[in-house]
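J.: Take a look at this one; I'll ask things after.
Any read-out appearing in this document is the output of simple, stated calculations on the displayed coordinates, not a laboratory observation. Predicted, not measured: the structure shown is a model, and the values here were computed from it. No Cβ is skipped: glycine too gets one built from the backbone with ideal geometry, and neighbour counts run over all protein chains shown.
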Amino acid sequence: MQNQKNSPNIKIWLIDDDELVRSTTAQWLSLSDHEVIEFTNPLELLDKFNENENCVIISDIRMAPIDGLTLLAKLIEKDPHVPVILITGHGDIDMAVSSLRDGAFDFLEKPFDPKRLSVTVEKAIKKRQLWLDQHYQNRYLDELEGLEELIIGQCYPIKQ
């Protein structure tokens, strides 16, 4: 059953090479009525990701063949508006500040409080949904441009 406060279109893409962390995080998010797609390889996630994807990404930092910071940079190249939440068990303040400066939505240290993760994910979903709504509205308005030339009539209401 879809929770009313969650957007049915926004999925959570979760990548962590630690199976236990990935599966428990996915289970927690699923119990919070989110659709979770799990990845173990960052290159697979990157290959499937397209601009304007209806997703929020949660990524571990220490992975192979590329780490989460490199993945973040490549995702931001494809779509600078995608929210990426970084998680790590090996972080420090400098890494957190640097990743936020480089475009991460948030940075959580393992073990993280599942409720804090849920709040962070909800905020990321709202941000993504707002951006996607605006993007599609702008595309729609661009498609309408020039239609005024097709309207026949001279009275004021028609011209409006």
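J.: Under 19 Å from a label point 7 Å along Cα→Cβ of Phe112: give me every residue in the range 79-98 with its amide N that close.
T.: 81-98
J.: Turning to a different aspect of this structure: Can you compute log10 of I(q)/I(0) for the range 1-134 with the Debye formula, treating each Cα as one identical point scatterer, at q = 0.20 Å⁻¹?
T.: Once normalised to I(0) and log-transformed, intensities are -1.23.
J.: Could you rank the peptides 82-90, 43-51, 65-73 by their average count of other C-beta atoms within 10 Å per residue, with the highest value first? Kindly include the intermediate steps, with their values, before the conclusion.
T.: Values: 82-90: 20.8, 43-51: 13.7, 65-73: 16.9.
Answer by packing, highest mean first, reads 82-90, 65-73, 43-51.
J.: Tell me the label-point distance for the pair Glu19, Asp79, using the 7 Å Cα-to-Cβ offset, in nm and rounded to one decimal.
T.: Simple spin-label model gives 3.0 nm for this pair.
J.: Just grab the label-to-label distance for His135 and Thr70, each label 7 Å out from Cα along the Cβ direction, in nm (one decimal).
T.: 2.5
J.: Output wanted: per-residue J couplings in Hz (rounded whole) for the range 125-137, from phi through Karplus 6.51 cos²θ - 1.76 cosθ + 1.60, θ = phi - 60°, x for Gly and Pro.
T.: Once rounded to whole Hz, the list reads 4, 4, 4, 5, 5, 4, 5, 4, 4, 5, 4, 5, 5.
J.: Could I ask something else about it? Taking amide hydrogens as modeled 1.01 Å from N in the peptide plane, which residues meet the under 5 Å criterion relative to Ile37, leaving out close sequence neighbours?
T.: Ile12, Trp13, Leu14
J.: For the residue pair Ile93 and Glu44, what label-to-label distance in nm results when each label sits 7 Å from Cα along the Cα-to-beta-carbon direction?
T.: Distance between the two pseudo-spin positions: 3.8 nm.
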